[in-house]
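Right, one structure below, let's go through it.
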Amino acid sequence: MGKKKGYCNVDEIISMCDELEDCLGKAPEKCLPFIQDKTCMERFRNLIKEVESYPVEMGALTQSIESWIEKIKKEILKIDQSCSESERKKVINQLFEDSPVIYLNNHSMQHIKAVMNKAKEILVNCHDINLEYYELFILLCAIVVHDIGNVHGRKGHEREVARILSDPQFVHLLPDSVERKVISSIAQAHGGVSKETGKDTIACLLEERVLHGIHVRERMLAAILRFSDELADDSSRADYDALKLGIIPTASLIHHKYSVALHTVCIRKNPINHTFSVHLSYSFEIKDARIPIEKVCIKQYLLDEIYERTMKMERERRYCMRYLRMYLPLEEICVDIEIFNPEDPFWKHEIKYELKEEGYPEFNCESIQKINETLPTGEKLAEQLQGEEAYHV
């Protein structure tokens, strides 16, 4: 397939750039729109500078503390005054022990860079994707802002992106309202739910739109961002200093422990059938395998947390492949877990497993009408046809 004018292909990304954003700087001027006398590269760099100083983790922490305090106030008012003083103290102490305070794992530029690196790894392995330079700009901007809504709290943070980008602090960085909408929509689709499509948030986007005369594949870009974010949950996200000092709140501890354990995430190609797989390598000390870790309202072993998170990644793989498979047949997740004893370098316990689609596919729906309510039953169709026959007579 010949190279199309205006596109940057996989070879360019591999051969010319150490990092994905460097490719944007090599784009010919005619391939990217100028908006208010600013190039895409200028707008992108200004956006990064603004987001770097945005207090995402601190904002989320403050918001969760405020919500917790409000909850405690409400629950205290509900305490039966007829109870004894000791019973009331017990209830109040329990409220403080069940701390839901969230201390996010890394959402800074370090995480943003990690997501960009994973997006590059996906693009490098894609076949005939023919990525536009402008699509690359849209993707990079969406990656930079995808978690910015956490400043107002973790819950529903995806829905905050568009509102934040419309604030005066950001709107001058992305002054074109349609471009800003596309970027925020792609960023928002990395999680959450939609009123129209439920958890299938990518379906809310357009398959393709023309923006400034350039074709932008919104769903494809959203799938790349979403799965890149899923792959970028490794050890770079953990707060090692806070772990060492023991100051991470109960509700967040297991998330940092998980990130510490995940030391390698990579995509590999199968040379036989030319499909791809995600390889995850975990490693943690035997002491972390023996004792369950505090989590909101429960205690959970780190191994069980790994099981849950890899199952979630497999669900995301299947979902994102709906929009990416034509470019990247990513067919399975291979997991390798090593538990070691730091006092005995020759001892280790290994667990390996694979996650992929197997067996005969099953529908969980009772009838086709559960899938599509507009389809008539045989009885309804017969009634309709009888009516038409009477009309023609």
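The table for this structure:
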quantity	calculated
Residue check for Val210: in a strand (DSSP E or B) and assigned by TED's automatic domain parsing to the domain that holds Ile122	yes
Residue check for Leu243: under 22 Å from Asp304 (Cβ atoms), among the hydrophobic types (A, V, I, L, M, F, W, C), surrounded by fewer than 17 Cβ atoms within 10 Å (Cβ to Cβ) and not assigned by TED's automatic domain parsing to the domain that holds Val51	yes
Test: Asp304 is modelled with pLDDT of 95 or more, surrounded by fewer than 17 Cβ atoms within 10 Å (Cβ to Cβ) and either out of contact with any Pro (no Cβ under 9 Å at 6 or more places or on another chain) or in the same structural domain as Ile248 (by TED's automatic domain parsing) (or both)	no
Lone qualifier among Val260, Val278 - being at pLDDT 95 or above, of a type outside the set (Phe, Trp, Tyr) and under 26 Å from Ala119 (Cβ atoms)	Val278
Counted residues, the stretch 26-74 - those being surrounded by 17 or more Cβ atoms within 10 Å (Cβ to Cβ), modelled with pLDDT under 85, of a type outside the set (Gly, Ala, Ser) and closer than 16 Å to Ile112 by Cβ	3
Verdict on Ile248 being over 21 Å from Glu121 (Cβ atoms), without any contact (Cβ under 8 Å) to a residue 24 or more places away in the chain and outside the structural domain of Tyr134 (by TED's automatic domain parsing)	no
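The values are calculated or read from the model by the stated rules, or taken from the named source; none is laboratory data. Just so we're clear, the structure is a prediction, and the values are computed from it rather than from any experiment. Here Cβ is always computed from backbone atoms with ideal geometry, including for glycine, and neighbour counts include all displayed protein chains.
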